[in-house]
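The values are calculated or read from the model by the stated rules, or taken from the named source; none is laboratory data. What you are looking at is a predicted structure, and each value in this text was computed from that prediction instead of being measured. Neighbour counts are summed over all protein chains in view; Cβ atoms, including those assigned to glycine, are modelled from backbone coordinates with ideal geometry. Accessible surface areas use protein heavy atoms only, side chains included; no ligands, DNA or RNA. Shrake-Rupley method; radii C 1.70, N 1.55, O 1.52, S 1.80 Å.
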Amino acid sequence: MQKKSTKKGTYRSGAYVLALAASTLLASTLGSVSAGASTTVNLKMTTVGTEPGLTQVISNYEKAHPGVRITVTAIPSNNYQSTLLTELRGGNGPDIMFVWGGYGNPMAVGELASAGYLARLNNQPWVPTLSSTGKSVVDINGAVLALPMNYEVVSFFYNKMAFQKAHVTPPASFAQLVGDCAALNKVGITPIDEGNEVGYINTLIPAIFADDYVYWKDPTFYQSLAAGKVSLANSALWRQGIKVGNEDYAQLFKDHCFEPNSTATTDTESVAAVASGHAGMNAMLTEFEDYHADNPKGSFGSFEPGLTGSPKSVVLTMDPSFLLAVNAHSHYETQAEAFLSYLAQPVQAGYLSRLSEDIPSVRVNGFRMPQLFQGLSSLINKDQEGYYFSSYSKSPQTKTVWIAEAEDIATGTATPQQATAAVVKTLNG
Amino acid sequence: MSAISVWAGGAVPARGRGGHSIQRRVGTLVGRAGLAIATVAFVSPVLLSVEMSFRSNTAINVAPLAWPKSLSLSNFTTAWSAGGLGQALLWSAVIAVVSVMWLTVAGQVLAYYIVRRGNRLASVALLYVMAGLAFPAPSRLLPLYELMLSLHLIGNPISVMLFQGATLTPLSVLIYRSFLQRMPIEYEDAAYVDGAGHLQVLRHVVVPMLWPSSVAVASLKIGMIWNDFFTPLLLVGGSTYATVPVKIYTFVGQYTAQWGDIFAGLTLAVIPVIIVFILLQRHLVEGLGAGLKG
Amino acid sequence: MRSPTARQDEAKPVRVEPTSTGRSPVVGIGLRRVRDAARTSVHPRRALRNGGATAQRPGFRLALPGLGLYSVFVAYPAVATAYYAFTNWNGLAQHWHFVGLKNFVSVLSSGLERTAFTNTLEATVGIALGANILGLAIALLLQKRSRFNYVLRLLWFLPAALPSIVAGYIWTFIYSPSGPLDKVWVLLHLGAAPGFLGSPNEALPSIIAIAIWQVSGYAMVLLLAGLQAIDEQLHEAARVDGAGVLQRLRFVTLPLLRPAFAVSFVFSTVTGLLLFDVVVATTNGGPGYATETLATQLYKQSFEYNNFGWGMAMGVLMGILVLGVSAAMLWIFNRKEARA
């Protein structure tokens, strides 16, 4: 019996070594076979998460262009920056990549352009079809560096029944918003249920009012920004905008507009609260499907409160949500650009925007605005729009610092003055 | 005989004294029930994730903690086909098996050298290996990537095996070292006297004696390697050799995530880990007989 | 009595004749002598001295495979990256220049880094103590051989097998204002529920709890392995001498578990010092800066603020800290053992 166990031991370690060798060998052969067998052009593309409908569009494209294959790698948002930056630094970036607009992110066109990672796309057929604001986030010193496919709208969404119950209407000014809060509180409805647990959502309300303030004082400010005539870092107006945004945000907390413990509330919980009528409204990116999914019988709308009540103090804040750029070092630059042009055609652009519940940045005639946005369509049609601050901020720090400071305002840890000072400090680099 | 050895330990009620009185049995039963309740409470978050894998993404977003109204398997089919989980499971398994083999073999030999050599060079080697625990993964990312790139190993599962084998070396050396320090050296010495070489001593004396610690090393490492995501994403992301987490987390987007699909993928992915753990725990007890009990 | 080493005894060509020091007949010799016997029988240096005359020492070439792979894929990248700590590289530009120790000075003088440092220390102490105490309790309760215990062992290990991103997601809902913990608070009439992840004061303890939940599984596995290595006869002897359960725990089990504890403590401490995944998956450093840790700062500076050089300086300082702390722990555990 003892002998047997020894033998078993010999066999076991023998098998061990063999398995080790075999699997390593297997891996190495399989690894090398896939390396360079195909004769077709293999485009590598990376996106943040899985973009709805993209697989379908790509398979259509591959059918029409037999010589091209497009491989998409979807990377979760928390890992996107570190992974892509490391690949680019190693000189092994993808041919087509998801980027952000402006400068306010390490993977934003402005940041990547300074290192020469992005191809110029000025001569592409879709460039003239971009709206002026759409172009402003991808145009760095005269070079168009990305295709902005679509954007999301930052606005307030509300439950019509809840508003009726409290006898309030969508507010047209900040003062009215505060008044609505009181009326909603009186009938036991949480006025604003904000998913402040999610970083960027913390900054949506201050950003909306900051944008409104800046636009009210200077309606051409965003064009000037787009044209590079002003920058956030040296604009006194923008600094004042941050201050107004933070102060208004703090004021809403003082006036009991938010649910308790809002920094622990997730976006899904807050959408559910508004959908069910426990809360009256919240400020979100476009997630209109979710409100209806939560409560199919409910009736919902959207509004931009504005600052002063004058329609001229209202600007629609937008966040470009799906931008694609071409790697300047790609061996297949032409093929990559051809694919982007295909995506920018109205059929594809409209299809992708509809699926991701966004609004296309390129011109798509007859695009039907989602019902929930219809309160905002006049603003969109009048081009009365500006972008979420991070698209214009020159420092990638501005966004994260403003998120943290807005959380401090929400928990009463920082005053609006302290928060503003901290954000402004990042603007100066 | 073997029944005696498994009763080892301090908190175990005295065996053989008092027999099996009804009182004792009731006491055991109550104790077990309490322990079972505590355990269920402890793992309830895990059960929650299994439950979520049967619900639609919308249903999870609407009410993450609600009871399911209907159970659906559609997440599993999505995770399996869209996520390409079948292939990912295969490669995750190959990577985990090869890496753990390396960690048990090389870790044991290295610890053996460090403990039994016991001179200054061995101490330096220990400190040098310990330093590997100290540097956070993000700070090593760029040179590691460039190194793999120059070895033409990006997109090749060997890169992940090399990375895991190297990165987890410090912890396995540490585990083996601690257990080896307590091993009586007499058996090894006797073997040397009989003319055995180092490898023979390792194989016939050290490996059997260190079996419980090998089980610990393997149990811990399988989970770590299986779940590691940060570096494998960079090394094999987008290739046909992507590991399970690399595939599963593609469902996490910028603003939204398909949690139903993620949990379905996760539930499928955790099954092999559970099986391995069960097998290893059995060996932990079997290994007792071959341990250092004198 | 038992001959568990029989396998080696019979193995050819190696024939082992265990010496008597390895297994002293410890029955009936008093508790203190039991303790001494336990230590003598296994203490490495003593053992080395005893057998030193005849033993051959393994040569350095045995260390080569392990050290080699480790050197190429861990040590080299760590050293190569330290180079950037002395530059002002932003992580993107083609050019950079040396700035000496400027990054290090900047890291050490930053107020936010001090917050991150205290948070990290708090988390480290909490995780190391919590996970080891819980892990020990479970290991002791589940060390008996039974099907019931196997199942429970698996269940207690499951959280450790769960990826942090998923653990973070689930716990966010467990902690949420309308979540189950809130309901427990109401049910037990404990008054207003804490803000958990949403409150600046409670967010860090809430994250520490998640980490303990995950790390205690690892501690349990290590301590279970440690328990298997304890000589049953020592317990037997202590029991014959009339030692109670607690006395046996105090004088036999705990001292003999020291090697397992050494590893388990080092592991949980390092997990605490490098705490990153759980934070990112729950609060990402918030609310405000309440849960910023050294590792989240390193990541944000290197990959989100494009301060690559700064982040790498942070990495070097963290490396020194972690190495220092874990080496000190091993030294303490070793010294206690040597002295005993």
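Candidate cross-link partners of A:Lys165 among the aspartates and glutamates, defined by an alpha-carbon separation under 13 Å and a same-chain spacing of 8 or more, comprise A:Asp180. Cross-link reach is defined here as a Cα-Cα straight distance under 20 Å, omitting same-chain residues fewer than 8 places apart; for A:Lys186 the aspartates and glutamates meeting it are A:Glu194, A:Asp255, A:Glu259.
Show A:His292, C:His235, A:His331 ordered by accessible area, largest first, where the area counts protein heavy atoms only and the probe is 1.4 Å.
If we order A:His292, C:His235, A:His331 from most to least accessible, we get A:His331, A:His292, C:His235.
Using the Cβ-Cβ distance between B:Leu199 and C:Leu108 with R0 set to 30 Å, the FRET efficiency from 1/(1 + (r/R0)^6) comes to roughly 0.05. Placing A:His167, A:His329 in order of accessible area, with the largest value first and a 1.4 Å probe, yields A:His167, A:His329. Across the cross-link table entries A:Lys135/A:Lys399; A:Lys229/A:Lys399; A:Lys394/B:Lys247, which are compared at the Cα atoms, the separations over 28 Å belong to A:Lys394/B:Lys247. Considering only DSSP beta bridges whose two residues both sit in chain A, what percent are antiparallel, to the nearest 5? Here the antiparallel bridges make up roughly 60 percent for chain A.
So which chymotrypsin sites (Phe, Trp or Tyr not before Pro) in the range B:91-155 end up in coil per DSSP with only 16 or fewer other C-beta atoms within 10 Å? Passing both the DSSP loop test and the Cβ count: no residue.
Considering only Cα atoms, the convex hull volume of chain A works out to 206 Å³ per residue.
Each of A:Val187 and B:Ala33 was given a label point 7 Å from its Cα along the Cα-to-Cβ line. The distance between the two points is 5.1 nm. Of the GluC sites (Glu not before Pro) found in the range A:240-310, not one falls in a DSSP loop while having at most 14 other beta-carbon atoms within 10 Å.
Here the range A:132-169 and the range C:101-123 have alpha carbon centers that stand 38 Å from each other. Among residues other than C:Ile174 with Cβ under 11 Å from its Cβ, the summed charge is 0 (Lys and Arg +1, Asp and Glu -1). Along chain A, the longest continuous region that contains none of the trypsin sites (Lys or Arg not before Pro) in a DSSP loop with at most 13 other C-beta atoms within 10 Å is A:1-228. Under 17 Å of direct C-alpha separation, and excluding same-chain neighbours fewer than eight residues apart, A:Lys44 reaches these aspartates and glutamates: A:Glu62, A:Glu87, A:Asp95, A:Glu333, A:Glu337.
Each residue of the range C:149-160 is assigned a 3J(HN,Hα), and the resulting list reads 5, 4, 4, 5, 4, 4, 5, 5, 7, 3, x, 5 Hz, derived from the Karplus form 6.51 cos²θ - 1.76 cosθ + 1.60 (θ = phi - 60°), x at Gly and Pro. A:Gly241 sits among other residues whose Cβ lies under 14 Å from its own Cβ, and their net charge, with Lys and Arg +1 and Asp and Glu -1, is -2. Estimated from the Cβ-Cβ distance and a Förster radius of 51 angstrom, the FRET efficiency linking B:Val50 and A:Gln251 is about 0.70. All C-alpha to C-alpha distances of the range B:79-290, sorted into 10 Å bins beginning at zero, yield P(r) values of 8, 29, 31, 21, 9, 2, 0 percent in whole numbers.
Ligands, DNA and RNA aside, B:Leu168 has an accessible area near 20 Å² when probed at 1.4 Å.
Please list A:Thr55, A:Thr400, A:Thr265 in order of solvent-accessible area, largest first, computed with a 1.4 Å probe with all protein chains present. Display every interim value, and only then the final one.
On the way: A:Thr55 105, A:Thr400 30, A:Thr265 10 Å².
Accessible-area ranking of A:Thr55, A:Thr400, A:Thr265, largest first: A:Thr55, A:Thr400, A:Thr265.
Taking 0.36 nm per residue of separation and subtracting the current Cα-Cα distance, fully stretching the chain between B:Leu151 and B:Ile275 would add 41.2 nm. Taking only the Cα atoms of the range C:82-339, the radius of gyration and Dmax are 21.8, 75 Å.
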